[in-house]
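Scroll down for the structure; my scribbles are underneath it.
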Amino acid sequence: MSRSEFTVADAYTYDHRSTLRWLQSHILRYKGLLFTFLLTTLGMASAQSMTAVTVGWAFDSVIQNEGRAGLTAAALYVVAAYVGYGLFDIVNSLAIRVLAQRVERNARDELYLSLLSKSQTFHGQQRVGDLMARATNDVQQISLFVSPALGTTTESVLTLLVPLVTITTLDYRLLIMPILFLIATYFALRRYNDNLSPVATQLRATFAEMNAGLAETISGIEVVKGFAQEPAEEGRFTHNAGAYRDAFVREGEVTARYVPLLLYGLLIGLGFGHALYLFMQGIVSVGQVIAFMALLGTLRSPIRFLLRNIATFQQSFASARRILEMILTETELDQNEAGVAQEMVGEVVFEGVSFGYGQFASGEFASGTSANGETSLVLQGISFRAKPGQTVAIVGQTGAGKSTLTKLLNRTFDVGNGRILIDQIDVRDWSLDSLRGQIGTIEQDIFLFSRTIAENIAFGARADVPQAEIEAAAQQAQAHEFIMSFPNGYQTKIGERGVMLSGGQRQRLAIARAFLSNPRILVLDDSTSAIDSNTEDQIQRAMHNVLAGRTTLLITHRLSQIRSANLILLMKNGRLIAQGTHEELMAQSAVYRQIFVRE
Amino acid sequence: MGITGGLNPEEYDRNYSDRELVRRIVRYFRPHIGKVLLVAAMVSLISILATATPILISRGIDTLAANPQLQLLLTLAAVITVMGALSWGFNFVSLWFSARAVGDVVLALREDAFRAVMRRDLSFYDQFASGRIVSRVTSDTQDFATVVTLTIDLLSQLVLVLVIGLVLLTQNVPLALITFAVGPVVVIIALVFRRLARNAMQQAQRALATVNATIQETVSGIAVAKNFRQEAAIYDDFQDVNELAYRVQLTRVAVFGSIFPLLNTVSGIAVSVIIYVGGLMAIERDISVGEWYLFVQGLTIFFYPITSLASFWSQFQQGLAASERVFALIDDEPLVVQTANEPVGRLRGEIVFDQMTFNYSTGRSAVLQNFSLTIPAGETLAIVGHTGAGKSSLVKLLMRFYEFQGGDLLVDGRSIRSLDLSQYRRQLGLVPQAPFLFSGTVAENVKYGRPDATDLEVETAARQLGDGSWLEDLPNGLQTDVGERGARLSLGQRQLVALARVLLQNPAILLLDEATASIDPLTEAQVQDALATVLQNRTSIVIAHRLSTVRAADRIIVLRDGQIIEEGSHETLLAQGGHYAELYTTYFRHQSLEYRPW
Ligand SMILES: Nc1ncnc2c1ncn2[C@@H]1O[C@H](COP(=O)(O)OP(=O)(O)O)[C@@H](O)[C@H]1O
Ligand SMILES: Nc1ncnc2c1ncn2[C@@H]1O[C@H](COP(=O)(O)OP(=O)(O)O)[C@@H](O)[C@H]1O
Ligand SMILES: [Mg+2]
Ligand SMILES: [Mg+2]
């Protein structure tokens, strides 16, 4: 069992040993539907063959002047066969389509759950676009795999085989041409499959490239226009779209050369010739020739279906592989359910902590590692101790590793070397629930969900928080007033990525969100940079009260806040170069003094 | 990305008449007329062969029933075989050339759509979500291709219907009429189906869009969910949405899953009727056995195109709707239009806002009202004011990102409406409030405005900022991969890259919109030194966030609701004790060392 940050007790387990088995286990979960589908397919193929044979009877009875009785009987049989076929068909197509929808739903559910269970390291490395492609297009592709591809292929194979059996009932010698045809078709299909595979891959890759490139250009349109780089972007897009066009044409060329269709054309002529020859020998009747031709006619649509299905199969397998790859990506964190779950007091100790973003790197993600592997460490040998309730300010140049340091505390990432203790217990020994539940974070990049303001504030707390508590939190964060200025108040929906709100407003909502979750340890990463002094005053006062008794890690540009912290950590290039109170550092550190002489 | 795939109508959408739509589509195919005609010819030939085969077989059967001659029969079989091979050959030629024609047409359409998007000013991007724009350019154009392939398919089937219909009529009128009688039945079923299918399809797509949006949001906000340990709650939400989508899909499945069996059964009953009636006629010798056979086969051939017409119709309409969306995107006009393309040399940098009036969109209150401001060449101007006062808007207007409604904006005495936009923008250097980085290395991002810059120039520009020690913090220096949107850099680092990018461009006018907001106090001090030299000999507009920046400016203007309410130097303004003094206490007090709110 792989490690995971989040699991659900009653989740269905699928077979992850290979792509094929994974698909199989998804489909076999609904054996009833599958069985119904197979049975009705068989019924359909039989009904179809029966139609062809009875049509033959009808002809024979007319040619041999058997009168109306034979004809009437044959016609009634044909009606019965068609109606039977229709009934089988309806059950059949519903069964396979419902199966497809279930598989799609379950695959999506499985992927989603596995995404939730992955650590932040994993998510940090993923491109959102790529992940979304897997969760949307690839999952839909899985449903196309079941229906129509698997459905019509099973049908095709049975409609190829059942007529053969039926032909035997006419005369076994008629089998020669169809069997030669099937053998040739088998090899032709294999070749077609081999030819199509690389082209299909290319088609998909070029489309993804074009899409991603365009998305980036549009996201950065202000920069594109600001630097008048439209021609360069157009060149890039034209290049990508051209690559897709080339792949598209190549796919067209491969499908144009679909040999089974040629074989089928030959089969009709040669089969007819052979049947005529047998007729001349007096071996078969006219009716049998007609039935034989009708049976050959039923082979037409399977051959056409296979043309499309082979492409779908290939795409589906590629999609399934990508989904499974994502599900199987190892994550290095575990939710540690059995770990310590107790009320935190709030003592924080770092002991010789080192960390690098490349430390878990597996192939694809290795940009944090340089050739000698040394510079890959973002933090090196960090040690400090914060008593419960203390405020620790972290100071240092941009990129020194301040934000990274705070992310180790709630195990967004795990340390490479050394350890971090909260209340004398290694963070890795805490239950993840308990750990994260008691550490509140306000990030630099504030993310709000496109839900109502009330739901956003209540996000971190338990379900059904009373409105009064939400409002109290908003009041503490100085957000109540501006929230009430919206026509819908707390029920206002926030737009895409919270764009409706100003930076300061978003920050205050994030603060309210953190307040409401009532954490023992608070991490504030530059969370008040875009707020004016008045608001800042109010928030600071609120914070001052709320922070009392809570250990706080603080990254800020406010000199006054730095100065009044209990402990100041001065970082440079991933190392802790000095620590102490403001007065101590002013006395000891030239770098530290430099910050303050400017003002 | 097709996530919420251009399902919902946008404001610029319009309805094209069918004729207009066809005209537009045809125009794209005109350059490929040769290929199109060839494909059409091939497709017709295939249809004719498809009809000829059963006719020949029926002749063969007649010969069998009457007086079988081996010679004749073998010739017949040989002809049918050759026709099978020919049909494949025609099919090959038609697919080969239609892939080229369609590929080229879609490419042309995509390029047009892309160019149309690039032409648009920023008001367009404010209004429409980027995912939607992307899906119009990539997915909707793809659906357009589907229309074309389907049209070719449908046309060929229509030819087939006509040919086989004629042949049947020449054989026997009553039987032919019975055969044609199924047509209306199928059409009625198809019409009912179309309505159901359309509804079911739309609902299914909406449900899918909701599921995908939910996933998208989870993926983007996963850090928050994890910090608050809310996985269970959002998983519950997801399951609800996923289940709902499944249920909606079931409706679609029920509609689409029953239509073909239904149509097949109708055709089966028709076949039985033909067999019976035809059989009776054959008994009476009204028709030959071969003709009877031809009708039985002909019905199937006749039927197939009609059912597929019915089933592809919704796909076809979807494709048409997609084409409509693409054309609407292409046809919409940008608001920013230049009156002339006067060349722009190196600018001196004198800027005059002359009685300018501006709002972001009609109906909104004006952001600027008769706004006048003169900035002499070489001046460093600081703009301060509350959030929403219009500071960023001034800068964006200067960049000509938006069209203004009244007055004029003159640079070096010329209206910016008359200038060559590319050349003009290259003279301006903007560091926006939120820095955007493209995926790639730091160096590539610094070079963005000047792709031809040498490594040395890039390095020099980067080192100008804060003694360059920020480069040492990057794991691979200038070659560090910044990740998607710069996610692998800290926020401050992203701003430094954006600054270096502008420095390398060496613009005549520098526009800094709170450009150092996320940079730490240590680096800030050093960046200020660098900026001081850069700002010295060029016109600069600095929207200040930091006290130190404001102090260093030649002149400060205080903006409120789009009006200048005070101007002067830091000392004089502070001494006046007016709005600036108030702003100072509001915005900058907390940046000072003595600040203590409680
Ligand atoms: N997700 C990430 N992947 C790889 N490298 C990162 C990532 N986030 C930050 N870094 C790198 O780690 C270093 C420290 O970043 P950070 O902790 O954000 O700095 P600070 O908060 O002090 O500005 C920087 O060099 C940055 O490039
Ligand atoms: N893209 C936009 N679309 C519509 N309104 C906008 C847009 N950008 C800003 N505004 C509005 O214009 C006014 C001025 O905004 P802005 O220039 O960004 O102010 P500042 O930079 O001084 O904070 C505000 O009322 C703001 O809501
Ligand atoms: Mg940071
Ligand atoms: Mg602004």
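Readers should treat all values here as calculations from the given coordinates under stated rules, not as data from a laboratory. Here the structure is a predicted model, which means the values were calculated and not measured. Every residue, glycine as well, gets a Cβ built from its backbone with ideal geometry; the counts of neighbours run over all protein chains shown.
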> What is the order of A:Asp138, A:Asp171, A:Asp194, fewest Cβ neighbours within 10 Å to most?
Replying inline: A:Asp194, A:Asp171, A:Asp138
>> Rounded to the nearest 5, what % of DSSP beta bridges with both residues in chain A are antiparallel?
In response: 50
> How large is log10 I(q)/I(0) at q = 0.06 Å⁻¹ when the Debye formula is applied to the Cα atoms of chain A, each weighted equally and without solvent?
Replying inline: -0.52
> Given the Cα atoms of segment B:290-397, and with Rh set as the inverse mean 1/r over their pairs in the Kirkwood sense, what is Rg to Rh to two decimals?
Replying inline: 1.48
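Please compute the net charge surrounding B:Val39, taking Lys and Arg as +1 and Asp and Glu as -1 over other residues with Cβ under 12 Å from its Cβ. Numbers along the way, then the final one.
Values: positive: B:Lys35, B:Arg100; negative: B:Asp153.
Residues near B:Val39 contribute +1 overall.
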> So how long is each side of segment A:172-283 along the principal axes, counting just the alpha-carbon atoms, biggest first, in Å?
Replying inline: 86, 18, 15
> Per the Cauchy relation, a quarter of the hull surface: what is the mean projected area of the convex hull of the alpha carbons in segment B:173-286, in nm²?
Replying inline: 9.1
>> Return the Rg/Rh ratio of chain B with Cα-based radii and a Kirkwood Rh.
In response: 1.16
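Dividing the alpha-carbon radius of gyration of the protein assembly as shown by 2.2 N^0.38 Å (N being the number of residues), what value is obtained? List each step's numbers first, then the result.
Working: Rg = 36.6 Å, N = 1197, 2.2 N^0.38 = 32.5 Å.
The protein assembly as shown yields a ratio of 1.13.
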> Between A:Ser431 and A:Val157, how many nm apart are label points set 7 Å from Cα along the C-beta direction?
Replying inline: 4.9
>> From the Cα trace of segment B:428-506, what convex hull volume per residue do you get, rounded to a whole Å³?
In response: 80
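Ignoring GluC sites (Glu not before Pro) that are buried or in helix or strand per DSSP, and keeping those with at most 12 other beta carbon atoms within 10 Å, what is the longest stretch of chain B between them? The partial results should precede the final answer.
Values: sites that count: B:Glu11, B:Glu284, B:Glu594.
Between exposed loop sites, the widest span is B:285-593.
What does the charge count near A:Glu583 come to, summing +1 for each Lys or Arg and -1 for each Asp or Glu among other residues with Cβ under 15 Å from its Cβ? Mind dumping the intermediate values first?
Values: positive: A:Arg563, A:Arg593; negative: A:Glu584.
With Lys, Arg at +1 and Asp, Glu at -1, the net is +1.
Which value does Rg/Rh take for segment A:61-139 over its C-alpha atoms, Rh per Kirkwood? Kindly include the intermediate steps, with their values, before the conclusion.
On the way: Rg = 26.9 Å, Rh = 17.4 Å.
Across segment A:61-139, the Cα-based Rg/Rh ratio is 1.54.
Among the chymotrypsin sites (Phe, Trp or Tyr not before Pro) within segment A:1-79, which fall in a DSSP loop and have no more than 11 other Cβ atoms within 10 Å of their own Cβ? Write down the numbers at each step before the final one.
Numbers: sites: A:Phe6, A:Tyr12, A:Tyr14, A:Trp22, A:Tyr30, A:Phe35, A:Phe37, A:Trp57, A:Phe59, A:Tyr77; in loops: A:Phe6, A:Tyr12, A:Tyr14, A:Tyr30.
Qualifying residues, ordered by number: A:Tyr12.
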> Where in segment A:556-572 does the amide nitrogen come within less than 14 Å of the point 7 Å from the Cα of A:Val340, taken along Cα to Cβ?
Replying inline: none
>> I'd like to verify something in chain A: which complete DSSP H helices, judged by Cα projection on the helix axis, reach 15 Å or more and average at least -1.0 on the Kyte-Doolittle scale?
In response: A:31-63, A:68-116, A:151-170, A:176-219, A:230-256, A:259-280, A:286-298, A:300-328, A:503-516, A:533-547
>> Tell me the net charge near B:Ala116. Cut-off is 11 Å between Cβ atoms, B:Ala116 excluded, with +1 for each Lys or Arg and -1 for each Asp or Glu.
In response: 0
> If each residue's Cβ is checked for other Cβ atoms within 10 Å, how do A:Phe279, B:Phe371 rank with the fewest at the top?
Replying inline: A:Phe279, B:Phe371
>> For segment A:449-518, what are Rg and Dmax over the alpha carbons, in angstrom?
In response: 10.6, 29
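Among A:Lys118/A:Lys402; A:Lys387/A:Lys572; A:Lys407/B:Lys226; A:Lys572/B:Lys226, which pairs are too far apart, with a Cα-Cα distance over 19 Å?
Working: A:Lys118/A:Lys402 24 Å; A:Lys387/A:Lys572 24 Å; A:Lys407/B:Lys226 12 Å; A:Lys572/B:Lys226 29 Å.
The pairs that break the limit, which is 19 Å between Cα atoms, are A:Lys118/A:Lys402; A:Lys387/A:Lys572; A:Lys572/B:Lys226.
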> Measuring from label point to label point, each 7 Å out along Cα→Cβ, what is the B:Val187 to A:Ser25 span in nm?
Replying inline: 5.4
> Tell me, what is a quarter of the convex hull surface for the C-alpha atoms of segment B:326-471, in nm² with one decimal?
Replying inline: 12.2
> How big is the antiparallel share of DSSP beta bridges in the protein assembly as shown, given as a percent to the nearest 5?
Replying inline: 50
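In chain B, what % of DSSP beta bridges are antiparallel (nearest 5)? Mind showing how you got there, number by number?
Values: 18 of 37 bridges.
Antiparallel: roughly 50 percent of the beta bridges in chain B.
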> What are the extents of the Cα atoms of segment A:83-123 along their three principal axes, listed from largest to smallest and rounded to whole Å?
Replying inline: 59, 9, 5
